[in-house]
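Below is one structure, written out as structure tokens; the observations come after it.
Computed from the coordinates by the stated procedures, all read-outs in this text should not be read as laboratory data. The structure presented is a predicted model; accordingly, all values stated were derived computationally and were not measured. Positions of Cβ are generated from backbone atoms using ideal geometry, with glycine treated the same way; all protein chains shown enter the neighbour counts.
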Amino acid sequence: MNASSPEASETLVQEDDSTPEKLLKPVPSTPAKAESFAEGDYVVYPTHGVGKVERIAVEEIAGHKLELIHITFEENRMTLRVPVAKARTAGLRKLATRKLFDDALAVLRGRARVKRTMWSRRAQEYEAKINSGDPLAIAEVVRDLHRNSGQPDQSFSERQIYEAAMDRLAAELAALDKTDKTTAATKLNDFLKTL
């Protein structure tokens with residue numbers, strides 16, 4: 001599909017001019033509505049994963065009053081404060097819907113697509129997908145790096161990236177199912193064994 005064709009639903013924007021192949025990143029053509037967050041909501045911050053909104057409060061920082069969303073990440077014992085006005089541009093989003101997560105599981109059923117590029121380049125792409133916070137992109141990483149019995153072993157760095165992607169998917173599934181991450185990870189592993 002050509003980006004200039006009328007049936008294209010998204011436009012392509014040049015992301016990085018320093019690489020010879022000029023990476024293109026899809027950008028939605030219609031702006032998404034701003035999400036509102038409330039205390040107790042589970043949210044996804046792209047680089048940290050699933051957290052819980054503890055409170056939304058107005059605070060004074062460097063002489064400016066800002067409305068901040070306080071998000072706690074229990075596993076890391078970390079609290080992140082994101083200005084409400086910048087939440088969308090920072091990538092903060094609510095949990096995936098059940099349908100979107102089912103679509104991510106469908107991605108896992110697909111055939112692994114491993115590019116024939118150097119591992120270091122693929123590793124960067126996988127890390128970018130994990131840090132995007134998008135469950136479909138994270139599912140692609142899991143799908144591409146998953147090894148069934150009878151397949152060659154993974155390198156240490158492959159295993160680390162695979163486990164990071166599985167951890168992100170399991171955390172979001174746990175929040176959706178209202179269970180713990182261990183139960184969600186077991187559920188995902190059992191699902192992968194059926195493929």
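For Leu145, neighbours were defined as the other residues whose beta-carbon sits under 14 Å from its Cβ, and their charges (Lys and Arg +1, Asp and Glu -1) total +1. Couplings 3J(HN,Hα) of region 176-181, computed from phi: 5, 7, 6, 10, 8, 5 Hz, in residue order, whole Hz [Karplus 6.51 cos²θ - 1.76 cosθ + 1.60, θ = phi - 60°; x for Gly and Pro]. Evaluated with a Cβ-only charge set (Lys, Arg +1; Asp, Glu -1), region 137-195 carries a dipole of roughly 120 debye about its Cα centre, given to the nearest 20. Near Val50, once Lys and Arg are set to +1 and Asp and Glu to -1 for all other residues with Cβ below 13 Å from its Cβ, the sum equals -1. Report note on the peptides 154-164, 41-51: ranked by the mean count of other C-beta atoms within 10 Å, highest first, their order is 41-51, 154-164. What number comes out for the charge environment of Ala123, summing +1 per Lys or Arg and -1 per Asp or Glu over other residues with Cβ under 13 Å away? Summing Lys and Arg as +1 and Asp and Glu as -1 gives +1. Extension gain for His64 to Arg113 (0.36 nm times residue separation, less C-alpha to C-alpha distance): 12.8 nm. Distance from the alpha carbon centroid of region 98-120 to that of region 129-192 works out to 10 angstrom.
Length available on full extension from Asn189 to Ala123: 0.36 nm per residue minus the Cα-Cα distance, which gives 21.6 nm.
In this structure, the amide hydrogen of Arg55, modeled 1.01 Å from its nitrogen in the peptide plane, lies closer than 5 angstrom to those of His70, counting only residues at least 5 positions away or on a different chain. Each residue of region 52-66 was assigned a 3J(HN,Hα) from its phi angle through the Karplus curve 6.51 cos²θ - 1.76 cosθ + 1.60 (θ = phi - 60°); the sequence is 10, 6, 7, 6, 10, 9, 8, 10, 9, 10, 6, x, 10, 8, 10 Hz, with glycine and proline shown as x. Each peptide in 125-138, 62-75 gets a packing score, the mean of other Cβ atoms within 10 Å over its residues, and the list from highest to lowest is 125-138, 62-75. Taking max minus min of the alpha-carbon positions on each principal axis, region 31-137 gives extents of 53, 32, 31 Å, largest first.
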